[in-house]
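Peer 1: Dumping the structure here so I can ask a few things about it.
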Amino acid sequence: MDSELEEILKNENIDVLKCMQCGVCSASCPSGRHMTLNVRKLVRRASNKEFDFDEDDLWMCTTCYTCQERCPRKIRIADAILAIRSKAVSEGFIKSQHRDVARMLIETGHAVPINQENIDKREKLGLGRLPATVASRDQALDDVKKLLVSCGFDMLVENDSNE
Amino acid sequence: MTKMALFLGCIVPNRYPGIEKATDLCLERLGIDCIELEDASCCPAPGVFRSFDKATWLTIAARNISLAEKLDRDILTICNGCYGSLNEANAQLKEQPQLRKKVNEHLRKIGFEFRGQIRIRHIIEFLSEEPGPEQIREMVTNPLSLRVAVHYGCHMIKPSEHRIIDSVERPHFFDELVEATGAESVDYADKNECCGAGGGVRSGLHEKSLEMAGYKLSIIDEAGIDCIVDACPFCHMQFDSGQAELNDLKGTEYRIPVLHYTQLLGLAFGYTPQDLGIDLNITVDENLTHLWS
């Protein structure tokens with residue numbers, strides 16, 4: 001296994017080497033029904049040195065957690081997928097759509113920010129024009145932005161494997 | 001009854017404000033001591049942000065949690081994603097002192113501290129525990145005669161660690177709350193299957209994500225129901241807006257009303273679909289109003 005990935009999974013207390021390749025995960029996977037994601041093979045690739053971090057399959061998991069609930073070896077599979085994704089992201093493999101969502105958080109403090117259509121809907125319902133979240137609180141939004149910088153999230157999001 | 005602070009998240013206030021209104025009306029009617037958690041941000045969403053960077057995900061979640069700690073109130077979520085994120089972050093930060101120390105170093109820069117003093121509740125789990133379905137049934141003024149497809153959504157029940165649920169494979173606590181309104185919860189195949197939106201799939205692989213929603217919609221449609229009832233605005237958006245997209249893309253003719261539980265309960269309390277913003281959905285059934293009038 002990639003030593004850095006091994007470290008990440010170890011820190012998360014996830015032992016993919018316990019996998020006996022029974023396939024309960026794949027049989028339970030809704031993404032596997034509709035896409036090419038094969039969780040059993042993904043866990044195997046994570047255990048061996050065969051992982052390509054640019055693979056699309058990694059992003060087909062909806063994190064429904066059914067595999068993790070049913071795994072007879074109690075491997076935290078969905079959590080492992082999230083950990084492997086973060087390694088892929090740190091290497092700059094980020095889908096443009098996901099980068100857009102991340103930029104939205106950096107800019108507005110919301111992954112899905114308010115727009116005019118929904119300001120109108122809020123007014124029609126007799127709600128405040130803007131919700132009492134960071135959407136209408138400058139100081140609160142400023143705090144969130146400070147935290148994102150402190151965590152280096154802005155740098156991470158602009159990291160691109162193609163550059 | 002526990003004092004609560006309502007966490008709005010992103011999709012409810014910014015895409016489906018009817019759910020915000022319905023929640024306000026229901027909590028008021030139920031006499032629950034709940035105030036809005038002001039200054040909150042994105043939870044942040046588990047799919048993209050937890051995938052990207054765990055430290056960022058934990059830190060932003062911890063800020064939201066400490067806003068409620070300052071008020072000495074538990075957080076009430078009306079979204080499975082917010083619940084999943086905040087509940088998991090809360091549990092990890094309570095259990096792992098090293099992690100908490102690291103997160104608090106970031107929070108100190110804005111004068112915040114995670115102390116680990118409150119609980120994160122999902123409105124369905126909360127209403128099941130206190131006041132409970134029997135009390136809700138007694139408070140209903142306009143019992144509904146509707147056939148309902150209940151959609152739990154994944155992160156209300158999974159992972160089962162750190163959650164209070166009756167069963168992962170065959171949960172029924174949500175069905176009981178739905179039936180407390182007089183409606184009938186109709187069983188259907190693959191009821192607990194994912195809507196296909198989570199994990200960044202809706203944004204990253206949109207067409208495939210719609211295909212997953214289409215699979216569930218096709219089964220639900222065959223079950224002969226009046227509406228879908230969910231408890232997550234992301235599943236809600238996936239089914240409501242997804243129907244319109246599928247109708248355009250695949251020539252289907254879905255017209256299934258999609259309601260958040262608070263909107264269903266609001267109807268059973270005598271509020272109109274307009275009061276509850278049900279008419280502001282993308283998929284609007286013209287027969288909707290007459291169904292429960």
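Peer 1: Report the accessible area of B:D33, computed with a 1.4 Å probe over the heavy atoms of all protein chains in place, in Å² rounded to the nearest 10.
Peer 2: B:D33 exposes around 60 Å² with every protein chain in place.
Peer 1: Here's another thing I want to ask about it. Please report, in debye to the nearest 20, how large the charge dipole of the range A:3-90 is about its Cα centre when each Lys and Arg carries +1 at its beta carbon and each Asp and Glu carries -1 there.
Peer 2: 460
Peer 1: Among the lysines in chain A, how many pairs, 8 or more places apart or on different chains, have alpha carbons under 17 Å apart?
Peer 2: For chain A, qualifying lysine pairs total 11.
Peer 1: Hey, got the Cα dimensions of the range B:63-199 along the principal axes, in Å, largest first?
Peer 2: So the three principal-axis extents are 54, 32, 22 Å.
Peer 1: Give, ordered by residue number, each residue of the range B:177-201 whose 1.4 Å probe accessible area is reduced by a minimum of 30 Å² on adding the remaining protein chains to the chain alone.
Peer 2: The answer is B:E193, B:C194, B:G199, B:V201 - residues whose exposure falls by at least 30 Å² when every protein chain is included.
Peer 1: Still on this structure, please answer the following. State the cysteines of chain A left without a partner when partners are defined as other cysteines whose beta carbon lies under 4.7 Å away.
Peer 2: A:C19, A:C22, A:C29, A:C61, A:C71, A:C151
Peer 1: By a straight-distance test (C-alpha under 22 Å), which lysines pair with B:K191 as possible cross-link partners, with residues fewer than eight away in the same chain excluded?
Peer 2: B:K158, B:K208, B:K216
Peer 1: Which sequence of B:K102, A:K95 reflects their accessible areas, 1.4 Å probe, from the largest down?
Peer 2: On the way: B:K102 115, A:K95 40 Å².
Ranking B:K102, A:K95 by accessible area, largest first, yields B:K102, A:K95.
Peer 1: Let me ask another. Quick one: length gained pulling A:E4 to A:R73 fully straight, 0.36 nm per residue minus the C-alpha distance?
Peer 2: Working it through step by step, the gained length comes to 22.5 nm.
Peer 1: Another question about this same structure. In square angstrom and rounded to 100, what buried accessible area do you get between chains B and A, total over both, with the probe at 1.4 Å?
Peer 2: What B and A bury together is about 5500 Å².
Peer 1: While we're looking at this one, here's another question. Are there any residues in the range A:29-57 with a reduction of at least 40 Å² in accessible surface when going from the isolated chain to the assembly of protein chains? Probe 1.4 Å, please list them by number.
Peer 2: Correct list: A:P30, A:R33, A:H34, A:M35.
Peer 1: Related question: If you wrap a convex hull around the C-alpha atoms of the protein assembly as shown and split its volume per residue, what is the figure in Å³? Let's see the in-between values first.
Peer 2: Values: hull volume 60.6 nm³, N = 456.
In the protein assembly as shown, the Cα hull volume divided by residue count equals 133 Å³.
Peer 1: For the range A:96-157, report the translational diffusion coefficient in µm²/s to the nearest whole number, using Stokes-Einstein at 37 °C, 0.692 mPa s, and a Kirkwood Rh over Cα pairs.
Peer 2: 259
Peer 1: In what order, largest first, do B:Y261, B:Y215 sit by accessible area if the probe radius is 1.4 Å? Numbers along the way, then the final one.
Peer 2: Details: B:Y261 0, B:Y215 65 Å².
Ranked list, largest accessible area first: B:Y215, B:Y261.
Peer 1: Going by the alpha-carbon gyration tensor, a ≥ b ≥ c the square roots of its eigenvalues, is the range B:142-291 rounded (a/c under 1.5) or, if a/c is not under 1.5, prolate (a/b greater than b/c) versus oblate?
Peer 2: Oblate shape, in that a/c is at least 1.5 and b/c is the bigger or equal ratio.
Peer 1: Tell me, what % of the accessible area of the protein assembly as shown is carbon and sulfur with a 1.4 angstrom probe?
Peer 2: 46
Peer 1: Also, quick follow-up: How many percent of the alpha carbon pairs in chain B exceed a separation of 31 Å?
Peer 2: 26
Peer 1: Take every residue in peptide B:131-137, count the Cβ atoms of other chains within 10 Å of its Cβ, and give the average of those counts.
Peer 2: Mean shielding by partner chains, rounded to a whole number: 0.
Peer 1: Name the residue, out of B:L93, B:L71, B:L177, whose mean-square fluctuation peaks in a Gaussian network model built on chain B with Cα pairs under 10 Å.
Peer 2: Looking only at B:L93, B:L71, B:L177, the biggest GNM fluctuation is shown by B:L71.
Peer 1: If you count only protein heavy atoms and use a 1.4 Å probe, how large is the accessible surface of A:R85, to the nearest 10 Å²?
Peer 2: My reading of the accessible area for A:R85 is about 0 Å².
Peer 1: Also: Residue by residue through A:111-117, how many Cβ atoms from other chains fall within 10 Å of the Cβ on average?
Peer 2: Details: counts 14, 13, 4, 5, 2, 0, 3.
Counting other chains' Cβ atoms within 10 Å and averaging over A:111-117 gives 6.
Peer 1: Here's another thing I want to ask about it. For B:98-107, what's the mean count of beta carbons from other chains sitting within 10 Å of each residue's beta carbon?
Peer 2: 1
Peer 1: Computed FRET efficiency, Cβ-Cβ of A:E158 and B:E207, R0 30 Å: what is it to the nearest 0.05? Don't jump to the answer; show the numbers that get you there.
Peer 2: Details: r = 27 Å, r/R0 = 0.90.
Computed FRET efficiency for A:E158 and B:E207 comes out at 0.65.
Peer 1: Considering the Cα positions of the range A:3-90, please state its Rg to one decimal place and its Dmax as a whole number of Å.
Peer 2: Considering the range A:3-90 through its Cα atoms, Rg and Dmax are 11.7, 32 Å.
Peer 1: What aspartates and glutamates could a cross-link reach from B:K109, if we take a straight Cα to Cα line under 18 Å and drop same-chain neighbours fewer than 8 places away?
Peer 2: A:D138, A:D142, A:D143, A:D154, B:D39, B:E69
Peer 1: In the range B:202-231, what residues drop by 20 Å² or more in accessible surface going from the chain by itself to the full protein assembly, probe 1.4 Å?
Peer 2: B:S203, B:G204, B:L205, B:K208, B:E211, B:M212, B:Y215
Peer 1: Mind listing the lone cysteines of chain B, meaning no other Cys beta-carbon sits under 4.7 Å from theirs?
Peer 2: Singleton cysteines: B:C10, B:C26, B:C34, B:C42, B:C227.
Peer 1: Separate question: With each pseudo-label sitting 7 Å past Cα toward Cβ, what's the A:I106-B:I282 distance in nm, one decimal?
Peer 2: About 2.7 nm separates the two model spin labels.
Peer 1: What are the ³J(HN,Hα) couplings of the range B:257-268, residue after residue, when phi is run through the Karplus curve with 6.51, -1.76, 1.60 and θ = phi - 60°? Round to Hz, x for glycine and proline.
Peer 2: Coupling constants for the range B:257-268: x, 10, 10, 6, 3, 5, 6, 5, 5, x, 4, 6 Hz.
Peer 1: Express in nm, to one decimal, how much length is gained between B:D187 and B:R147 on full extension, taking 0.36 nm for each residue of separation and deducting their alpha carbon distance. Present the calculation step by step, with values, prior to reporting the outcome.
Peer 2: On the way: separation 40, 0.36 × 40 = 14.40 nm, distance 1.00 nm.
Roughly 13.4 nm would be gained on extension.
Peer 1: Further question: Sequence-distant or interchain residues sharing an amide H contact under 5 Å with B:L6, placed H: which?
Peer 2: Correct list: B:I35, B:E36, B:L37, B:L76.
Peer 1: So, with +1 on the Cβ of K and R and -1 on the Cβ of D and E, and no other charges, what is the size of the charge dipole of the range B:202-241 about its Cα centre, to the nearest 20 debye?
Peer 2: The calculation lands at about 200 debye.
Peer 1: HN-Hα J couplings of the range A:134-143 from phi, Karplus 6.51/-1.76/1.60, θ = phi - 60°, integer Hz, Gly and Pro as x?
Peer 2: 4, 4, 10, 10, 4, 4, 5, 5, 4, 4
Peer 1: Follow-up question, since we're still on this one. Return the calculated 222 nm mean residue ellipticity for chain B, to the nearest 500 deg cm²/dmol, obtained by summing -39500 (n - 2.57) across DSSP H runs with n ≥ 4 and dividing by the residue count.
Peer 2: -14000 deg cm²/dmol
Peer 1: Another question, if that's okay. Which of A:G128, A:G32, A:G152 moves the most in a Gaussian network model of chain A with Cα springs under 10 Å?
Peer 2: A:G128
The values are calculated or read from the model by the stated rules, or taken from the named source; none is laboratory data. In this text, all values refer to a predicted model and were calculated from it rather than measured experimentally. Here the Cβ is made from the backbone with ideal geometry for all residues, glycine too, and neighbour counts use every protein chain on show. Surface areas here come from the heavy atoms of the whole protein model, side chains and all, with no ligands, DNA or RNA. Shrake-Rupley method; radii C 1.70, N 1.55, O 1.52, S 1.80 Å.
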